[in-house]
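J.: The following block contains the structure, expressed as structure tokens.
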Amino acid sequence: MAWDFETEPEFQRELAWMDVFLRDEVEPLDFVLGNPYDPKDVRGRDHVRRLKERVKERGLWACHLGPELGGHGFGQLKLALMNELLGRSRWAPSIFGCQAPDSGNAEILAHYGTPQQKERYLKPLLEGEIVSCYSMTEPHAGADPTMFRTRAVRDGDHWVINGEKWFSSNARWASFLIVMAVTDPDVSPYQGMSMFIVPAETPGIQILRNVGVGDENPDHASHAYIRYRDVRVPADHLLGKPGGAFVIAQTRLGGGRIHHAMRTMAQLRRAFDMMCERALSRETQGELLANKQMVQEKIADSWIEIEQFRLLVLRTAWLIDKYKDYKKVRKDIAAVKVLLPKVLHDVVYRAMHLHGALGVSNEMPFASMLLGAAALGIADGPTEVHKVTVARQLLREYKKSDGLFPSAHLPTRRAAARERLAHLIEGEVGNL
Ligand SMILES: Cc1cc2nc3c(=O)[nH]c(=O)nc-3n(C[C@H](O)[C@H](O)[C@H](O)COP(=O)(O)OP(=O)(O)OC[C@H]3O[C@@H](n4cnc5c(N)ncnc54)[C@H](O)[C@@H]3O)c2cc1C
């Protein structure tokens with residue numbers, strides 16, 4: 001039997017160490033330090049460096065990467081168990097060297113980058129010395145990348161990029177941006193778009209504004225609306241092959257989506273813990289909330305949904321490790337992506353509701369968690385698009401029925417069974 005739902009004891013010891021380290025050393029940073037991506041914010045920099053050193057000494061740094069890139073090649077399943085803990089804190093992924101979007105950008109640089117590109121961009125990214133940006137979505141089109149218009153034209157030894165990008169997260173702090181642009185408008189977009197590594201200091205990159213999520217303070221807003229005007233990048237800054245943008249995007253986004261789901265488990269657990277604590281702490285009409293059946297229903301439904309989601313995430317991580325090919329798990333990753341915002345929304349909403357006025361107040365984290373669920377239903381592609389992927393992939397496993405009636409048509413099946421097993425019913429009279 002190959003099925004196993006247990007973590008090996010040696011790795012469980014690492015997870016236990018992480019649990020305590022995160023609780024005591026990392027989670028408090030969320031309340032006293034600024035944005036982990038902001039290289040100009042030097043507060044606590046030495047302290048953070050020491051914490052990163054401890055993670056490296058423990059052998060838990062950049063665990064999404066193989067040993068050739070300074071990681072430990074733990075694979076996606078172990079990464080999932082780690083991310084379930086790391087998702088508890090804004091600072092944790094950076095301190096463990098596996099923060100989005102840098103982890104996804106590192107993955108494509110490692111996969112498609114030339115030795116020079118790796119030396120100049122990947123190395124400092126993996127060391128945690130710089131941060132990066134993935135600049136793909138445009139103001140007029142997001143879910144359908146075939147509509148992108150940003151253009152890159154070859155001019156001697158350079159490519160010249162013109163266009164606008166929208167919601168390019170962390171651009172304001174990034175040392176380089178990975179930009180998707182049309183390089184050949186005369187062929188299908190699937191062959192006519194390419195990826196470029198664009199150093200942030202290149203003339204012509206203008207951040208029109210940084211957009212925030214919800215009522216985020218504009219000073220902290222991190223999703224850039226960017227104009228690229230005659231941005232010249234050397235020809236060797238093309239990432240991968242000309243026309244290869246879609247293939248690269250799929251590699252990048254597949255990993256990114258499942259990593260978001262892993263970290264979401266931490267949010268779900270937190271919401272569930274708060275829900276249970278509240279139910280056991282608050283009394284009304286002479287009894288605890290925990291004794292009310294409608295409250296019990298919320299707790300039971302939440303636990304069941306969380307466990308279902310977790311199993312789907314872990315199984316998908318296991319499949320990625322097994323096939324080592326995101327294309328073979330497209331359906332599974334898309335299913336996780338569809339379920340993620342729904343489960344997070346439903347569990348957080350119930351937890352918030354059970355906290356009454358306190359729940360919707362700015363003294364509890366529920367409102368931002370709820371907005372986070374909405375954002376996760378859009379970022380990396382909206383739910384509808386992923387449902388289409390799930391359905392299309394599933395339908396490939398079926399074929400149309402041959403006859404007038406469906407293959408499950410009972411009279412047809414009965415007739416076939418009677419013919420096949422005629423020897424059992426020989427001599428029988430009547431119409432069974
Ligand atoms: C927090 C956050 C961070 C992001 N970070 C980045 C980043 O770093 N880099 C980057 O390039 N982009 C980023 N994005 C952008 C994200 O990838 C896009 O928002 C996403 O692809 C959807 O595009 P859109 O916003 O243009 O929505 P649209 O494409 O306009 O879609 C709007 C809505 O239309 C519906 N819809 C769309 N397509 C279909 C369909 N086929 N069938 C049925 N209904 C449909 C859905 O309800 C969808 O939500 C980020 C987004 C968020 C929210």
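Bear in mind these aren't lab numbers, they're just calculated from the coordinates by the rules spelled out. For clarity, every value in this text was computed on a predicted model and none was experimentally measured. Positions of Cβ are generated from backbone atoms using ideal geometry, with glycine treated the same way; all protein chains shown enter the neighbour counts.
J.: Could you check which residue among S281, S132, S168 shows the biggest mean-square fluctuation in a GNM of the chain with a 10 Å Cα cutoff?
T.: Taking springs between Cα atoms under 10 Å, the residue moving most is S281.
J.: Using Cα pairs closer than 8 Å and at least 6 residues apart in sequence, work out the relative contact order for the chain, in percent. Intermediate values should be presented prior to the final figure.
T.: Numbers: 631 pairs, mean separation 52.4, N = 432.
The value is 12 percent.
J.: OK, next. Under a GNM of the chain (C-alpha, springs under 10 Å), which listed residue has the highest mean-square fluctuation: Y37, Y225, Y190?
T.: Judging by the Gaussian network model, the answer is Y190.
J.: List the longest stretch of the chain that has no exposed loop site; here a site is one of the GluC sites (Glu not before Pro) assigned by DSSP to anything other than H, G, I, E or B, with at most 12 other Cβ within 10 Å.
T.: With GluC sites (Glu not before Pro) excluded where exposed in loops, the chain gives 202-362 as its longest stretch.
J.: Which part of the stretch 375-400 falls in the paramagnetic zone of D325, meaning amide N under 18 Å from the point 7 Å along Cα-to-beta-carbon?
T.: 393-394, 396-397
J.: Taking the Cα centre of each part, how many Å lie between the stretch 154-199 and the stretch 1-78?
T.: Cα centres, the stretch 154-199 to the stretch 1-78: 32 Å.
J.: Just subtract the alpha-carbon distance of V360 and E27 from 0.36 nm times their residue separation and send over the number in nm, one decimal.
T.: Numbers: separation 333, 0.36 × 333 = 119.88 nm, distance 2.25 nm.
Answer, rounded to one decimal: 117.6 nm.
J.: Evaluate the Kirkwood expression for the hydrodynamic radius of the stretch 45-203, namely the inverse of the mean inverse distance over all pairs of different C-alpha atoms, and round to one decimal in Å. It would help to have the intermediate numbers written out before the result.
T.: Values: mean 1/r = 0.0585 Å⁻¹.
Its Kirkwood hydrodynamic radius stands at 17.1 Å.
J.: When Lys and Arg each count +1 and Asp and Glu each count -1, what net charge do the other residues less than 12 Å away from V55, Cβ to Cβ, add up to? Each step should come with its number before you reach the end.
T.: Numbers: positive: R49, R50, K52, R54, K56, R58; negative: E14, E25, E53, E57.
Neighbour charge sum, excluding V55 itself: +2.
J.: Please state the shape class of the stretch 88-172: rounded when a/c is under 1.5, otherwise prolate if a/b exceeds b/c and oblate if not, all from the C-alpha gyration tensor.
T.: Values: a/c = 2.53, a/b = 1.33, b/c = 1.90.
Because a/c hits 1.5 or more and a/b fails to exceed b/c, the stretch 88-172 counts as oblate.
J.: Also, I was wondering about something else. Only loop residues by DSSP count here, and only those with at most 10 other Cβ atoms within 10 Å; note down the trypsin sites (Lys or Arg not before Pro) in the stretch 349-432 that meet that. Please report the intermediate quantities before stating the final value.
T.: Details: sites: R350, K387, R392, R396, K399, K400, R413, R414, R418, R420; in loops: R396, K399, K400.
The qualifying sites are R396, K399, K400.
J.: Please work out the Kirkwood hydrodynamic radius for the stretch 296-392, using every pair of different C-alpha atoms, and report it in angstroms with one decimal place. Don't skip to the answer; put the middle values down first.
T.: On the way: mean 1/r = 0.0684 Å⁻¹.
Taking every pair of different Cα atoms in the stretch 296-392, averaging 1/r and inverting gives 14.6 Å.
J.: Name the residue farthest towards the positive end of the dipole of the chain from the options L424, A221, I161, assuming +1 on Cβ of Lys and Arg, -1 on Cβ of Asp and Glu, about the Cα centre.
T.: Among L424, A221, I161, the one farthest towards the positive end of the dipole of the chain is L424.
J.: Label the stretch 272-322 by shape, choosing from rounded, prolate and oblate, from the square roots a ≥ b ≥ c of the eigenvalues of the Cα gyration tensor; if a/c is under 1.5 it is rounded, and otherwise prolate applies when a/b is larger than b/c, oblate when it is not.
T.: Working: a/c = 8.20, a/b = 3.59, b/c = 2.29.
Prolate, because a/c is 1.5 or more and a/b exceeds b/c.
J.: Net charge near P101: determine it from the other residues with C-beta under 11 Å of the C-beta of P101, scoring Lys and Arg +1 and Asp and Glu -1.
T.: Working: positive: R252; negative: D102, E107, D380.
Here the charged neighbours net out to -2.
J.: Moving to a separate point now. For a label point 7 angstrom out from the Cα of C276 toward its Cβ, which stretches of the stretch 329-370 have the backbone nitrogen within less than 17 Å?
T.: Within reach of a label on C276, which here means backbone N under 17 Å from a point 7 Å along Cα→Cβ, the stretch 329-370 contributes 347-348, 350-352, 354-355.
J.: Based on the Cβ-Cβ distance of D38 and K399, what FRET efficiency does E = 1/(1 + (r/R0)^6) give at R0 = 45 Å, to the nearest 0.05?
T.: Working: r = 54 Å, r/R0 = 1.21.
Computed FRET efficiency for D38 and K399: 0.25.
J.: Select from F246, F11, F96 the residue whose mean-square fluctuation is largest in a Gaussian network model of the chain (Cα-Cα springs shorter than 10 Å).
T.: Result: F11 has the largest fluctuation of those listed.
J.: Do any trypsin sites (Lys or Arg not before Pro) in the stretch 157-210 lie in a DSSP loop with no more than 11 other beta carbon atoms within 10 Å, and if so, which?
T.: Numbers: sites: K165, R172, R209; in loops: R172.
Sparse-neighbourhood loop trypsin sites (Lys or Arg not before Pro): none present.
J.: Could I ask something else about it? Given the pairs K40/K324; K241/K327; K123/K241; K40/K337; K118/K387; K56/K327, which are separated by over 28 angstrom at their Cα positions?
T.: Beyond 28 Å: K40/K324; K40/K337; K118/K387; K56/K327.
J.: May I pose another question? Which of rounded, prolate or oblate describes the stretch 144-271 when judged by the alpha-carbon gyration tensor and an a/c cut-off of 1.5? Walk me through the numbers on the way to the answer.
T.: Values: a/c = 2.26, a/b = 1.44, b/c = 1.56.
Here the stretch 144-271 falls in the oblate category.
J.: Right, something else. With labels modelled as points extended 7 Å from the Cα through the Cβ direction, what inter-label distance (nm, one decimal) is found for E419 paired with R154?
T.: 6.2 nm
J.: For the chain, how big is the tail of P(r) above 35 Å, as a whole percent of Cα pairs?
T.: Details: 35162 of 93096 pairs.
The answer is 38 percent, as a whole percent.
J.: Can you compute the radius of gyration and Dmax for the stretch 370-432, using only the Cα atoms, both in Å?
T.: Answer for the stretch 370-432, Rg first and Dmax second: 23.2, 70 Å.
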